Amino acid sequence: LRCPDPPADPAPPGRRRLRFPPVVPVRPLRQFYADERTLALHGLPPALEPFRRHRERFLGALASLSDDEWVATTRCEGWSAKEVCCHLVTADGFWALTLEGRHAADPSTYLRGFDPTTSPDGVIGSLRERAPAAVLDALTASTTVLAEALAAIGEDEWSLRSESPFGHVPLRAIAAHS
């Protein structure tokens with residue numbers, strides 16, 4: 001995490017100048033590959049309908065953005081709204097791929113060594129130059145693909161493991177994250 005730079009001007013008379021904590025070094029994710037740990041995910045509702053409802057609202061909100069809003073800064077430090085959507089396009093594609101491999105004898109390990117502070121930025125590089133409308137179209141398509149992958153999961157399969165940035169986790173955790 002990076003803290004904002006302190007203000008350049010001193011505080012006005014009678015006001016205290018804000019002090020920002022030092023920059024905290026980034027730690028890599030702790031990943032669980034070939035690990036028999038169990039995540040307690042009982043009681044989570046089925047993921048497909050909440051995902052569809054959320055994405056429908058989200059895509060509707062994105063469709064109303066102006067060009068300036070697409071390039072505006074978001075809560076994801078250093079990323080515009082368009083870049084966040086590019087990340088979702090690539091993440092949706094990965095989730096769909098990993099969910100399809102849920103019965104594989106050897107689960108994938110594409111994300112071994114994944115660094116959440118640098119890896120996503122590199123993955124979206126090729127999408128950055130697209131126009132906002134093209135990114136919205138890509139996100140709409142990736143949403144459909146991921147919804148189809150989630151719909152293909154049987155009720156008895158939600159505890160199967162598949163790959164995520166945290167390693168191999170139950171499908172229910174992947175669905176809740178997406």
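The values are calculated or read from the model by the stated rules, or taken from the named source; none is laboratory data. Computed from a predicted structure; not experimentally measured. Cβ atoms come from the backbone with ideal geometry, glycine included; neighbour counts cover every protein chain shown. Areas reflect the complete protein model, heavy atoms only, side chains present, ligands, DNA and RNA absent. Shrake-Rupley method; radii C 1.70, N 1.55, O 1.52, S 1.80 Å.
Overview of results
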{"item": "Tyr33, Tyr110, ranked by accessible area, largest first (probe 1.4 Å)", "result": "Tyr110, Tyr33"}
{"item": "Label-point separation, Tyr33 to Glu49 (7 Å along Cα→Cβ), nm", "result": "3.8 nm"}
{"item": "Exposure ranking of Thr73, Thr90 by accessible area [1.4 Å probe, largest first]", "result": "Thr73, Thr90"}
{"item": "Sites Phe58 and Arg128, calculated FRET efficiency, Cβ-Cβ separation with R0 22 Å, nearest 0.05", "result": "0.65"}
{"item": "Top positive-direction residue, dipole computed over region 87-160 with Cβ charges, set Ser126, His87, Ala149", "result": "Ser126"}
